[in-house]
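Any read-out appearing in this document is the output of simple, stated calculations on the displayed coordinates, not a laboratory observation. Values in this document were obtained by computation on a predicted structure and should not be read as measured data. Virtual Cβ from ideal backbone geometry, glycine too; neighbours counted across all protein chains shown.
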Amino acid sequence: MSDLIQLYANANIRIAELERENAELRKDSARLNWFINLDEEDRVKFCRGWYRWTPEQVRAEIDEELRKEAQP
């Protein structure tokens, strides 16, 4: 019986990990959609300087833009 309990506990841990990963992938999808939906001029403006940004900085910049858009 303890093997089943451990199996159940491990499954729950894995499910939680997958849910966190899924949430991060959904955020990246929203970021990508935001970027794709920019017109070409805005996309060029936004991309200036990306070559020296880390992926975390790019995500943070897009998140900031998404927050700005969400405000009424």
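Neighbour counts of C-beta atoms inside 10 Å place Trp50, Trp34 in the sequence Trp50, Trp34, starting with the fewest. This ranking places Lys45, Lys27 by how few other beta-carbon atoms lie within 10 Å of each, fewest first, which gives Lys45, Lys27. The fraction of Cα-Cα pairs per 10 angstrom bin, counted from 0 for the stretch 2-70, comes to 17, 36, 20, 14, 10, 3, 0 percent, rounded to whole percents. When the chain is described by a simple charge dipole with +1 on each Lys and Arg Cβ and -1 on each Asp and Glu Cβ, the residue from Cys47, Trp34, Ala23 located farthest towards its positive end is Cys47. Using θ = phi - 60° in the Karplus curve 6.51 cos²θ - 1.76 cosθ + 1.60, the 3J(HN,Hα) couplings for the stretch 56-72 round to 5, 5, 4, 4, 5, 5, 5, 4, 4, 5, 5, 5, 4, 5, 6, 6, x Hz; x is entered for Gly and Pro.
Using the Cβ of Arg20 as centre and a radius below 12 Å, the other residues enclosed give a net charge of -1, where K and R count +1 and D and E count -1. Taking Cα centre as origin and charging only the Cβ of basic (Lys, Arg, +1) and acidic (Asp, Glu, -1) residues, the dipole magnitude of the chain rounds to 120 debye.
Taking the fewest neighbouring Cβ atoms within 10 Å as the starting point, the ordered list for Arg48, Arg14 is Arg48, Arg14.
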